[in-house]
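One structure is given here, and the rest of the page talks about it.
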Number of protein chains: 2
Amino acid sequence: MSPCCEYPMTDSLSDRSALAATDESAPKRADVSRQQILTVAATLFCARGYAGTSLRDIGAAVGMKAGSLYYHFASKEELAAEVLRIGVERVHQAVEARLRTLGESASLRGKIEGAIAAHLETLWLESDFTSAHIRCIHTAPPSVRNSLHQVRRDYETVWRNLIGEAARASLLPPEAEPTAVRLAILGALNWSLEWSDPGRHKPEEFARTLAASFIREG
Amino acid sequence: MSPCCEYPMTDSLSDRSALAATDESAPKRADVSRQQILTVAATLFCARGYAGTSLRDIGAAVGMKAGSLYYHFASKEELAAEVLRIGVERVHQAVEARLRTLGESASLRGKIEGAIAAHLETLWLESDFTSAHIRCIHTAPPSVRNSLHQVRRDYETVWRNLIGEAARASLLPPEAEPTAVRLAILGALNWSLEWSDPGRHKPEEFARTLAASFIREG
DNA sequence: GTCTATAGCAAGATAGAC
DNA sequence: GTCTATCTTGCTATAGAC
């Protein structure tokens, strides 16, 4: 699976331009903690939902008191918004990386099968950020959902384009409607969280079945 | 859409056999309240999740105080388990009713398309019980989930049989695996909660796309 | 950066009046 | 059957010591 970019932690909390001698590659302590908090929060939000996860739970899992989290995040909502944002960013990047790897020469069915596999790999194998997004997006507070509208639309565009292209090339089943196909594929992928067992299921196998069902050979 | 059976409220809290003169068809006050609580709880659990819904919220929505709910249910978990159980029961019954209506003479694709449509109609149009089940099953407490294992398996069997039959009749796409097809269909259906807008989307249209993609004409 | 301590509030649940 | 009142616990968030 393609390695996923780490979330860039350049919050520019302090002006480091005046300290040119400092090793820029050494992560600062606050950044390490912030990253740990995000990772643990992703796991817990994914497993218990937004309301079911308390800041005490998250703090305990990183060896901190709940109050200490406020040094890194202004509120539970801000922390959740960040976790969920990273979640979309990661699938989006994984899918685009896969499409780049395949290149323009690949068949359209090959590209869609690859995009499906990349989405599944991120969801099943890589991290809990994307899973947390899928599990929490509906019950998260409005402020969190609103902050994610744009990134969600950006990722959706990738699929809109892929399926649109397949429709124009007449590669969808005769009676299938393009929008319905897109929604069905993404639904099958996201719902796979409820049954997937990375020990038993292989992303490529499910990707094969989906691509073979929705997209004709081009 | 086929009318769905009301949940039978025969809790036999009191022995009515000694009161033969009483009109058996008149619902008792407790039963009316209980039913109102369940309906409202389904709506709120569906919208806000298990942990995000308080007994105070539910009470307020039925015009009661939180404490009064304990006359009808022993705990929040018991209330949630009942709501979610009714949710599976309703889709299950709707799908079986549709299959009975179609009869044995229907084509296999016709039966599967009908089952898909019936599942969607229950989810989108009929009530919030099934939606609440789908939204809450993962984050609900273990005791709730455990109490639902059997009913969930019972409903799953309907689909296992339908897709198995299609596989034996060689009606699945060449490279598609039967289990994957079943999981993909149910995933696409359940995830439709996240995008469906009963004003804009018609259950039969989405059902048509899914059946046409996964099942060949028999 | 993380702690202790706590404010302020809401949760699930129970007891007893009506 | 429903209410009032309350217990206990847990929550988010803040203030200030270290």
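The numbers here are math on the coordinates, done by the rules we state, and not lab data. This structure is a prediction, so every number in the text was calculated from the model and none was measured. We place every Cβ from the backbone using ideal geometry, glycine too, and count neighbours over all the protein chains shown.
Pull out all pairs, ordered by first then second residue, where Cβ-Cβ is under 8 Å, the residues are six or more apart or on different chains, the first lies in segment B:27-48 and is at negative phi, and the second is in a helix (DSSP H, G or I) and of a type in the set (Phe, Trp, Tyr).
Going by the 8 Å Cβ cut-off, the qualifying pairs are B:30/B:71; B:38/B:129; B:42/B:129.
Kindly indicate the residue of segment B:58-76 that is part of a helix (DSSP H, G or I) and more than 6 Å from DNA strand C (Cβ to nearest atom) and also farthest from the other protein chains (Cβ to nearest Cβ) among those meeting that condition.
Among residues in segment B:58-76 that are part of a helix (DSSP H, G or I) and more than 6 Å from DNA strand C (Cβ to nearest atom), the one farthest from the other protein chains (Cβ to nearest Cβ) is B:71.
As an exercise: evaluate residue A:142 against (1) surrounded by 17 or more Cβ atoms within 10 Å (Cβ to Cβ); (2) more than 10 Å from chain B (Cβ to nearest Cβ) and give the number of the one condition it does not meet.
Unmet for residue A:142, out of (1) surrounded by 17 or more Cβ atoms within 10 Å (Cβ to Cβ); (2) more than 10 Å from chain B (Cβ to nearest Cβ): (1).
What are the residues in segment A:91-109 that are in a helix (DSSP H, G or I) and within 24 Å of residue A:209 (Cβ to Cβ), if any? Lay out the reasoning, then the answer.
To start, the set of residues in segment A:91-109 that are in a helix (DSSP H, G or I) comprises A:91-102, A:108-109.
Correct list: A:91, A:92, A:94, A:95, A:96, A:97, A:98, A:99, A:101, A:102, A:108, A:109.
Scan segment B:154-179 for residues that are small (Gly, Ala, Ser), in contact with a Leu (Cβ under 9 Å, 6 or more places away or on another chain) and within 13 Å of chain A (Cβ to nearest Cβ) and report the count.
Qualifying residue count for the region: 2.
What number of residues within segment B:66-92 satisfy the criterion of being surrounded by fewer than 17 Cβ atoms within 10 Å (Cβ to Cβ) and within 17 Å of residue B:156 (Cα to Cα)?
0
Please go through (1) within 21 Å of residue A:84 (Cα to Cα); (2) β-branched (Val, Ile, Thr); (3) within 14 Å of another protein chain (Cβ to nearest Cβ) for residue A:151 and return the number of the only condition it doesn't satisfy.
Single failed check for residue A:151: (3).
State whether one or more residues within segment A:141-152 are of a type outside the set (Lys, Arg) and closer than 17 Å to residue A:43 by Cα.
no
For residue B:83, are the conditions met, namely being more than 16 Å from DNA strand C (Cβ to nearest atom), more than 14 Å from every other protein chain (Cβ to nearest Cβ) and part of a helix (DSSP H, G or I)? Don't jump to the end; show me each part of the working.
Working: more than 16 Å from DNA strand C (Cβ to nearest atom): no; more than 14 Å from every other protein chain (Cβ to nearest Cβ): yes; part of a helix (DSSP H, G or I): yes.
No: the conditions fail for residue B:83.
Please determine whether any residue of segment A:96-109 is among the aliphatic types (A, V, I, L, M) and either within 16 Å of DNA strand C (Cβ to nearest atom) or crowded, with 21+ Cβ neighbours inside 10 Å (or both).
no
Being in a loop (DSSP other than H, G, I, E, B), without any contact (Cβ under 8 Å) to a residue 40 or more places away in the chain and out of contact with any Gly (no Cβ under 9 Å at 6 or more places or on another chain) is the filter here, so list the residues in segment A:172-212 that pass it.
Those that are in a loop (DSSP other than H, G, I, E, B), without any contact (Cβ under 8 Å) to a residue 40 or more places away in the chain and out of contact with any Gly (no Cβ under 9 Å at 6 or more places or on another chain): A:174, A:175, A:176, A:177, A:197, A:199, A:200, A:202.
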